[in-house]
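So the structure is just underneath, and the comments pick up after that.
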Amino acid sequence: MTPLPLCVVGGGSIGMRHIEVTQASDATRLTAVVEPFAPRREELRALGLPVVAGLDEVPAETRGAIIATPTPDHLPSGLACLARGWAVIVEKPLTGTLDDARTLIAAADAAGLPLFTGHHRRCHPFSIAARDALQDIGRLVGIQGCWSLRKHDSYYDVDWRRQPGAGPMLTNLTHELDLLRFFVGEITEATALLSSATRGFVIEDTAALAFRFENGALGSYLISDAGASPWSFEAASAENPIIAASHQDYIRILGTEGALEFPSLTLWGRSAPGEIEWSKPMKRHDARSFDKIDALQAQVERFAAVVAGGEDDVLCTGPDGMAALEMTLAAALSGRRGHPVRAGEVPGDFNGT
């Protein structure tokens, strides 16, 4: 396959990760890094990168773009890239509001171009295997998760990190909800209890969440950036080098025939013939190990294959990203209003603050 010529829009920390994997992959070729901030452009140029100030300077051969800019820029940059005929990956969240998400998805549909959301956790082999393993635990009953990483105190020395929109609900939850949808299916209702009691900021530091799924299953989640624990996707997977690894499961999925721990994929099932019930011990089945990969690189390689005409059922589509955004905003709205919020009830211009 001929390498896909693509650009990365945004030269910050997330953009640099996308630049790294784009250069490392045989499936892609970096044509430009778009960075409007002049001092940062000079830093990128000193690294030998093909940096430009705007989209108009991107080489005409470009066929794809990864947008790694602040969330308010996702819509304008996404529209501008689609208008140039480029397939697009937009970093999560897809946009800041549902109205913006609908506008971006409609533009991609009208142009007949692929649009994906950067929920790269789907691309880990253990995530794909978890989705497949659910068929072994019978009818889904519920899912329980705990994401809690204590961010260091100096993290909050930056003023915007203490302001509305910067808490774990809007910063971290959307990744979790996309994984839940990937595993279990559509989420139809969210309920949230919020607390800022530990850090005392205007934003929450902890949230207790409940979800209802379209298939009848229920879910509960505790998410916090104040509680110290070994339980989170990042700690469990050792995906992020700046977060200490624990290799501890942080999600449990329950079915009528057994249960699954994630991300180890430890399976609990029947130990004897007949009905599974509480007087009978459950048998533990340890999962096979998986080679460690860079999920961001796997994501861009899957993206390149789609642009070349292939099909993919793992990548997070634009509508998938919008669905994760909707239930993240529904949870935020529930925390504000004090009652459950269903899909379809989130105002199109609500941004979670």
**Request:** Restrict the check to region 68-84 and report whether at least one residue is at pLDDT below 95 and either small (G, A, S) or assigned to a helix (DSSP H, G or I) (or both).
**Result:** yes
**Checking S264 against (1) closer than 30 Å to L30 by Cβ; (2) out of contact with any strand residue (DSSP E or B) (no Cβ under 7 Å at 6 or more places or on another chain), the condition it does not meet** = (1)
**Message:** Looking only at residues that are of a type in the set (A, V, I, L, M) and crowded, with 20+ Cβ neighbours inside 10 Å in region 1-26, which one is nearest to G85 (Cα to Cα)?
**Reply:** L6
**Request:** Among the candidates P39, P59, single out the residue that is open to solvent by 10 Å² or more (accessible area, probe 1.4 Å) and part of a loop (DSSP other than H, G, I, E, B).
**Result:** P59
**Fill in**
If we ask which residues in region 113-134 are assigned to a strand (DSSP E or B) and of a type outside the set (S, T, N, Q), their number turns out to be 2
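Can you find even one residue in region 200-216 that is outside any loop (DSSP other than H, G, I, E, B), open to solvent by 40 Å² or more (accessible area, probe 1.4 Å) and among the aliphatic types (A, V, I, L, M)?
Yes: region 200-216 contains one or more residues that are outside any loop (DSSP other than H, G, I, E, B), open to solvent by 40 Å² or more (accessible area, probe 1.4 Å) and among the aliphatic types (A, V, I, L, M).
If you go through region 112-125 one residue at a time, do you hit one that is free of Cβ contacts under 8 Å to residues at least 60 places away in the same chain and under 20 Å from G309 (Cα atoms)? Lay out the reasoning, then the answer.
At the first step, the residues of region 112-125 found to be free of Cβ contacts under 8 Å to residues at least 60 places away in the same chain are 112-113.
So of that shortlist, the ones also under 20 Å from G309 (Cα atoms) come out as 112-113.
Within region 112-125, one or more residues are free of Cβ contacts under 8 Å to residues at least 60 places away in the same chain and under 20 Å from G309 (Cα atoms).
Condition check ((1) of a type in the set (G, A, S); (2) buried (at least 22 other Cβ atoms within 10 Å of the Cβ)) across all residues:
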| site | (1), (2) |
| --- | --- |
| P70 | no, no |
| D73 | no, no |
| P76 | no, no |
| V90 | no, yes |
| G96 | yes, yes |
| A101 | yes, yes |
| A106 | yes, no |
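Looking at T328, T317, T256, can you tell me which residue is among the polar types (S, T, N, Q), modelled with pLDDT of 95 or more and surrounded by fewer than 14 Cβ atoms within 10 Å (Cβ to Cβ)?
Numbers: T328 fails: surrounded by fewer than 14 Cβ atoms within 10 Å (Cβ to Cβ); T317 fails: surrounded by fewer than 14 Cβ atoms within 10 Å (Cβ to Cβ).
When all the criteria are applied, what remains is T256.
Within region 265-274, how many residues are in a loop (DSSP other than H, G, I, E, B) and either touching a Gly at 6+ places or on another chain (Cβ under 9 Å) or within 15 Å of R131 (Cβ to Cβ) (or both)? Quick ask: steps written out before the conclusion?
In the first step, residues of region 265-274 are kept if they are in a loop (DSSP other than H, G, I, E, B); the result is 265-266, 270-274.
Checking which are either touching a Gly at 6+ places or on another chain (Cβ under 9 Å) or within 15 Å of R131 (Cβ to Cβ) (or both) leaves us with 265, 270.
Within region 265-274, residues that are in a loop (DSSP other than H, G, I, E, B) and either touching a Gly at 6+ places or on another chain (Cβ under 9 Å) or within 15 Å of R131 (Cβ to Cβ) (or both) number 2.
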**Asked** Only one of these conditions is not met by G142: (1) crowded, with 20+ Cβ neighbours inside 10 Å; (2) outside any helix (DSSP H, G or I). Which number is it?
**Response** (1)
**Prompt:** Is there a residue in region 90-111 that is more than 20 Å from the chain's Cα centre (by Cα), under 22 Å from L296 (Cα atoms), in contact (Cβ under 8 Å) with a residue 24 or more places away in the chain and in a loop (DSSP other than H, G, I, E, B)?
**Reply:** no
**Request:** Provide a single number: the residues in region 217-261 that are in contact with a Pro (Cβ under 9 Å, 6 or more places away or on another chain), among the charged types (D, E, K, R) and not in a loop (DSSP other than H, G, I, E, B).
**Result:** 0
**Request:** Name every residue in region 275-308 that is in a loop (DSSP other than H, G, I, E, B), within 30 Å of G96 (Cα to Cα) and of a type in the set (G, A, S), in order of residue number.
**Result:** A308
**Prompt:** Can you tell me which residues in region 190-199 are open to solvent by 40 Å² or more (accessible area, probe 1.4 Å) and part of a strand (DSSP E or B)?
**Reply:** T191, L193, L194, S195
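The values are calculated or read from the model by the stated rules, or taken from the named source; none is laboratory data. Values in this document were obtained by computation on a predicted structure and should not be read as measured data. Using ideal geometry, Cβ is built from the backbone for each residue, glycine included, and neighbour counts are taken over all protein chains shown. Side chains included, ligands, DNA and RNA excluded: accessible areas come from the protein's heavy atoms. Shrake-Rupley method; radii C 1.70, N 1.55, O 1.52, S 1.80 Å.
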